[in-house]
Each structure stands twice: as structure tokens, then as C-alpha cells.
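Working notes for the structure below.
FYI, it's all coordinate maths here, none of it is from the lab. From a predicted model like this one, the values you see are computed outputs, not experimental measurements. Virtual Cβ from ideal backbone geometry, glycine too; neighbours counted across all protein chains shown.
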Amino acid sequence: TDPQLYQVLGRLEAVFPKEICYREAQFRELMTYPNAYLLVVYDQNEPIAFSISYHNPILPKHAIVLGTVSVKPEFQKHGIGTYLFKLNLVIPTLKNYTMGIIKCQKKNIDGVDLIKYCEKFGATVIDEKNYHVRMSIPLHKPIKESKQPIQNSSTKQEQPVEDLTQAELSFLQN
């Protein structure tokens, strides 16, 4: 495993509450799973948000675990968590996953109803136990590029589709 990943983990542990961070042993195990990835958003060299996903071998081949998505409180309400969540619906399709599995508490530390949050993206509850819930969510392939121009509503200028990233194209569709 890449030593830089453990440096990132250490930095995450320094700025995020222990309840949402992975212990090193847990993290090491997850990073050995097929197609594991960690997304980290930085602000001036400090991590402000992260998400982790991986294929647990006990799941069907088409399903991937969409793990924790967390944003530091002072950076919340700016769409960063939603952006990471949407990226997690697209990235696994590059490896032909079609279903995401979400395991989380019913409400986060701030009292946000995570079931309702995930349902707005198409998740459905599989089962609930105590304060935890397991959901499934269909994954979305990136939009295929087109030669048709996309109108930017704020400037009314046309922007060629080929100038946009796959992630930007996905967000334009939703």
C-alpha cells in the first residue's frame, strides 16, 4: 500500500471527529479491497472533506460500498458533500459497477436525516437496525460527449461539450 495514503489518513484523523474516521487497521484493510479509492478535498493544504469507497468481496460483483462522505462543519452548506456523493455515483461505473451500497446512521452528528438525503439521489432502504440503515442506490454512467453546445445560463454564452469534464457533464444532466 502507498505510504502517502497513510499520511492522508493521519491528516484526516487530525481534523475530523474520531466517530467518522477510520482507524489505521480498518483503513489498511479497506485499501486492500478491489477498486478501493479515497477522495479528499483540500483547502490550502488542509483536508476539508473526504469519501471512501471499495468493493467488499462478499458483495455481488456489480455492487460497491459507498462509504463515509464527510465535510468539516465550517465548509458545509457549500455543496462539497453533494459533489463527493455524486462523484461516488459515477466513478464506480468506470469499473462496471451498477449498484452502490450505503451503510450509515439514520442521522448524522448534526441531526441531518441521512435516509432522506440519500433518497433524493435515488437510494432505497434495504434494512434498518437500531440507529443504522443500509441502502442501495443505482450508479450513473458518465454522459457521453456530444458535439451540441451547452448554454451557460448565467452568461448566455455557448460552451462546447468537449471542453467540459465528465464530472461536469454528469452534474449538468441532474
- request: Quick one: pull the percentage of alpha-carbon pairs in region 20-128 with a separation above 22 Å.
  value: 32 percent
task: Enumerate the calculated ³J(HN,Hα) couplings along region 44-59 in order (Karplus 6.51 cos²θ - 1.76 cosθ + 1.60, θ = phi - 60°), each rounded to whole Hz, writing x wherever the residue is Gly or Pro.
output: 6, 6, 10, x, 10, 7, 7, 8, 9, 9, 6, 9, 7, x, 7, 7
field: Extension gain (nm, one decimal) between E29 and H62, 0.36 nm per residue minus Cα-Cα
entry: 9.8 nm
query: With no solvent and one point on each alpha carbon, what is the Debye value of log10 I(q)/I(0) for region 46-106 at q = 0.26, 0.27 Å⁻¹?
result: -1.08, -1.13
query: Once you list every other residue whose beta carbon is under 13 Å from the beta carbon of V112, what net charge do they have if Lys and Arg are +1 and Asp and Glu are -1?
result: +2
query: What nm distance separates the two modelled labels at K116 and D43, each placed 7 Å from Cα along Cα→Cβ?
result: 2.5 nm
statement: With a Förster distance of 25 angstrom and the Cβ-Cβ distance between Y131 and F75, calculated FRET efficiency to the nearest 0.05 equals 0.50
field: T98-K141 pseudo-label distance in nm [points 7 Å out on the Cα-to-Cβ vector]
entry: 1.1 nm
query: Is region 74-133 rounded, prolate or oblate when judged by the Cα gyration tensor, a ≥ b ≥ c being the square roots of its eigenvalues, rounded requiring a/c under 1.5 and prolate requiring a/b larger than b/c?
result: oblate
